[in-house]
Amino acid sequence: MAISMWKRKCPLCFVRIPWTATLAHSYEISCPACHAPLELSRFTRIFGALGGIAGALVALHLGQGVFRGWFWAMPIVTAIFAYGFFSALFVLITGDLVVRPKSAAASFPHLAK
């Protein structure tokens, strides 16, 4: 339990962010205390995608052994559901948040006269 204490916390004020906001609004999370714009870190996104791919491959392999004959599409369907489930699970396991960088469009240099 002590390992997961730092997860899903604002890097500026260390307030815990709800896991529902982490999964539902991964690009536009706002800290409830300091209102800082947050997003999932690159490591969390890559780890979640790799976990989803691994879960989909396992489900596809197991599904090919279980579903035969008329149910030829079921391994593909189970792999899609497994990807969604395991990618969300791996995002919750890592759950590292960073401050969202300013967009390049907002910082376009205009000359004020």
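The values are calculated or read from the model by the stated rules, or taken from the named source; none is laboratory data. Every value quoted in this text rests on a predicted model; they were computed, and no experiment measured them. All Cβ positions, even for glycine, are placed from backbone atoms using ideal geometry, and neighbour counts span all protein chains on display. Just so you know, the surface numbers come from the protein's heavy atoms only, side chains and all, with ligands and any DNA or RNA stripped out. Shrake-Rupley method; radii C 1.70, N 1.55, O 1.52, S 1.80 Å.
Details
- Whole-number accessible area per residue in Å² for the chain, which is evaluated in the context of all protein chains at 1.4 Å: 73 Å²
- Most to least accessible of Y27, Y83 (protein chains only, probe 1.4 Å): Y27, Y83
- Of every Cα-Cα pair in the chain, the percent that sits beyond 19 Å: 57 percent
- The chain, relative contact order in percent, only Cα pairs under 8 angstrom and at least six apart counted: 32 percent
- Sorting L92, L50 by accessible area puts them as L50, L92; the probe is 1.4 Å, largest comes first, and only protein heavy atoms count.
- Carbon-plus-sulfur accessible fraction, the chain (probe radius 1.4 Å, protein heavy atoms only): 73%.
- Proximal charge balance of W19 [Cβ under 14 Å; K/R count +1, D/E count -1]: +3
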